[in-house]
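Colleague: Take a look at this one; I'll ask things after.
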Amino acid sequence: GSVYRLESDAGSRLGTTAGSQARHILSEVIVTVGELEENRSHRHDLRDDGKSRTVLVVDDDESIRNIVQCALKALEYRVVTVCDGIEAIDYYARSPGETGVVILDLIMPRMNGRQTLLHLKSLDPGVRVIIMTGHQPPDLNEILADPSVRGYLAKPFSMKALVESVAAAMAANSI
């Protein structure tokens with residue numbers, strides 16, 4: 001099958017250490033058409049119970065947002081991407097009931113993932129979140145224990161892990 005590789009200019013924006021880590025993460029995330037086709041069985045049609053197939057992706061790294069968006073769109077999810085927690089809260093508040101799952105990075109400027117999670121829960125106590133991070137902050141276990149957190153993706157992650165996490169969180173919507 002075809003292979004798509006997305007490159008990042010994170011090194012020039014973030015400095016040597018962060019840029020090196022971003023390139024490592026991106027070098028691990030390669031989307032193949034075959035892998036996406038193989039994972040089509042994880043799709044769940046939730047329209048009949050009124051739940052949305054929209055996934056809100058919140059990450060300050062544009063390349064990560066693009067990779068996740070590409071993979072999920074190939075599986076017929078509607079994907080909205082934003083670059084930080086403030087934009088996520090704004091979108092979520094303007095679009096009540098539209099989002100089935102939020103994929104949320106923990107380390108972001110302006111508002112981190114934990115703060116974003118708390119704000120999203122104040123808007124919707126039933127929000128479903130998948131935490132996605134390349135770092136392990138000291139409070140990670142506490143964050144993952146939150147009932148709104150329905151999954152965890154450690155960067156770099158496989159497309160299979162992404163698809164399975166989203167499918168499981170979406171399936172939880174219909175319960």
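Colleague: Just how much of K121 is accessible, in Å², when a 1.4 Å probe is used and the result is rounded to the nearest 10?
Modeller: So the heavy atoms of K121 present about 60 Å² to solvent.
Colleague: Indicate the gyration tensor shape class of segment 50-175 (rounded, prolate or oblate), computed on the Cα atoms with a ≥ b ≥ c the square roots of the eigenvalues: a/c under 1.5 is rounded; otherwise a/b larger than b/c is prolate and the rest oblate.
Modeller: Numbers: a/c = 1.22, a/b = 1.07, b/c = 1.14.
Since a/c stays below 1.5, the shape of segment 50-175 is classed as rounded.
Colleague: How many percent of the accessible area of segment 98-175 is carbon or sulfur, using a 1.4 Å probe?
Modeller: On the way: 1800 of 3380 Å².
Ligands and nucleic acids excluded, carbon and sulfur give 53 percent.
Colleague: For I107 and A168, compute 0.36 nm times the residue count separating them, minus their Cα-Cα distance, and round to one decimal in nm. Let's see the in-between values first.
Modeller: Numbers: separation 61, 0.36 × 61 = 21.96 nm, distance 2.38 nm.
Net length gain for the segment: 19.6 nm.
The values are calculated or read from the model by the stated rules, or taken from the named source; none is laboratory data. Just so we're clear, the structure is a prediction, and the values are computed from it rather than from any experiment. Surface areas here come from the heavy atoms of the whole protein model, side chains and all, with no ligands, DNA or RNA. Shrake-Rupley method; radii C 1.70, N 1.55, O 1.52, S 1.80 Å.
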